[in-house]
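Below is one structure, written out as C-alpha cells; the observations come after it.
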C-alpha cells in the first residue's frame, strides 16, 4: 500500500536535470559577458576611484588573498553566516511544519512574519546595534532568513495531498512510514528552495551588519575600511570573495540535493 502512495507522490513532482558540461559553459559565457561589460564601462568612465578596471581589481584580489589575515577574516564571517543560517533553518523548518498542521500557530505567527518581511534590513541592523551590538550580524541575518525558510516549508506542508494521508490511515499504515514517505518527500523541495534563497540573503544581511557593527576580523569591517580610504578596487575584490564564498556553499548544497533526490 505504501509503495502505491509513494508512486503517486513522486509522479506529482517532475524534476528536470541538466548536463554539468552545459551548466559550466553557460557560467563561463555569463562571466565573460559580465567582465566585458565591466571593462567597457570602466574605459568609458575612465576613473579608477569610481569604477576600476577588472585588471586592477584582480590585482588587488591577489594582494588580499596573499595577506596573512585573509583566511581568518573569511572564516570569521563564514562562521557567523553558518551559525545564523543553521539557527534560522531549524526554526523555519520546525515552526513551518507545526504552523502547517496547527492553524492557531499559523494565525499567531502570521502578523509577526509580515512585519519582519516588510521591515527594511537597515532598520533591523540599526535596532540590533542599539539592543545587542555584539550579535548584530547574527540577529539581522536570522530575521532576514527565517521568514524565507518558514514560508517555503509552510507552503510545502500545505501542498501535501491529504487524500494520501487519509488513504494511508484507512489501511493502518504506521505514522513513521507516513511521515517518511508522504510528508518529507512533499516538503523537501520547498526546503531546498528556501535554503537556496535563504543562504544568499544570510550572507548579504550578515556582511551589511558587519559593516555597521565593525566586529574585528570580518569581511564587513574590511569592506568599510576600503571604502573609507576610497579603495574601490578593494571593495570590488572583497565583493568577489563574498560571491565565491556563496558559490562554494551553493555548489556543495547542490551536490547534497542531487544525492537526496535519489532517496526521493
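At-a-glance table
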quantity: Where the Cα pairs of region 200-264 fall when distances are cut into 5 Å bins, in %; calculated: 4, 17, 20, 20, 13, 9, 7, 5, 4, 1, 0
quantity: Compactness of region 123-264 - radius of gyration and Dmax, Cα, Å; calculated: 20.6, 71
quantity: 0 to 90° range, to nearest 10: angle between helix 232-263 axis and the chain longest Cα axis; calculated: 20 degrees
quantity: Stretchable slack from residue 98 to residue 132, in nm (0.36 nm times residue separation minus alpha-carbon distance); calculated: 9.3 nm
quantity: Simple spin-label estimate for residue 55 and residue 43 in nanometres, 7 Å along Cα-Cβ; calculated: 1.2 nm
quantity: Length-normalised contact order for region 31-168 - Cα pairs under 8 Å, 6+ apart - percent; calculated: 28 percent
quantity: Tensor-based shape of region 97-141 (alpha-carbon gyration tensor, a/c under 1.5 rounded, otherwise prolate or oblate); calculated: prolate
quantity: Acute angle (nearest 10 degrees) that the helix 219-228 long axis makes with the longest principal axis of the chain, alpha-carbon atoms; calculated: 30 degrees
quantity: Value at 222 nm in deg cm²/dmol, rounded to 500, when DSSP H runs of n ≥ 4 in the chain each add -39,500 (n - 2.57); calculated: -27500 deg cm²/dmol
quantity: Euclidean distance between Cα centres, region 190-214 to region 121-164, Å; calculated: 10 Å
quantity: Cβ-Cβ FRET estimate between residue 248 and residue 177, R0 fixed at 45 Å, reported to 0.05; calculated: 0.75
quantity: Residues listed by number, region 185-207, amide nitrogen under 12 Å from residue 257 label point at 7 Å toward C-beta; calculated: 189-200
quantity: Net lengthening on full extension, residue 70/residue 29 (0.36 nm per residue, minus Cα-Cα); calculated: 11.8 nm
quantity: Average Cα contact separation per residue, region 78-142, under 8 Å, 6 or more apart, as relative contact order %; calculated: 50 percent
quantity: Gaussian network model of the chain, Cα within-10 Å springs - most flexible of 110, 214, 224; calculated: 110
quantity: Residue of 89, 164, 223 that the Gaussian network model of the chain assigns the largest fluctuation, springs spanning Cα pairs under 10 Å; calculated: 164
quantity: Estimated distance in nm for a label pair at residue 116 and residue 227, the labels positioned 7 Å out from Cα along Cα-to-Cβ; calculated: 2.6 nm
quantity: Relative contact order (%) - the chain, alpha-carbon pairs under 8 angstrom, separation at least six; calculated: 27 percent
quantity: Most mobile of 104, 52, 185 in a GNM of the chain (Cα contacts under 10 Å); calculated: 104
quantity: Spin-label model distance (nm) - residue 22 vs residue 91, 7 Å beyond Cα toward Cβ; calculated: 4.0 nm
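Every read-out reported here was derived from the displayed coordinates using simple, explicitly stated rules and does not represent laboratory data. Fair warning: this is a prediction, and the values are worked out from it, not measured in the lab. Note: ideal-geometry Cβ built from the backbone for every residue, glycine included; neighbour counts use all protein chains shown.
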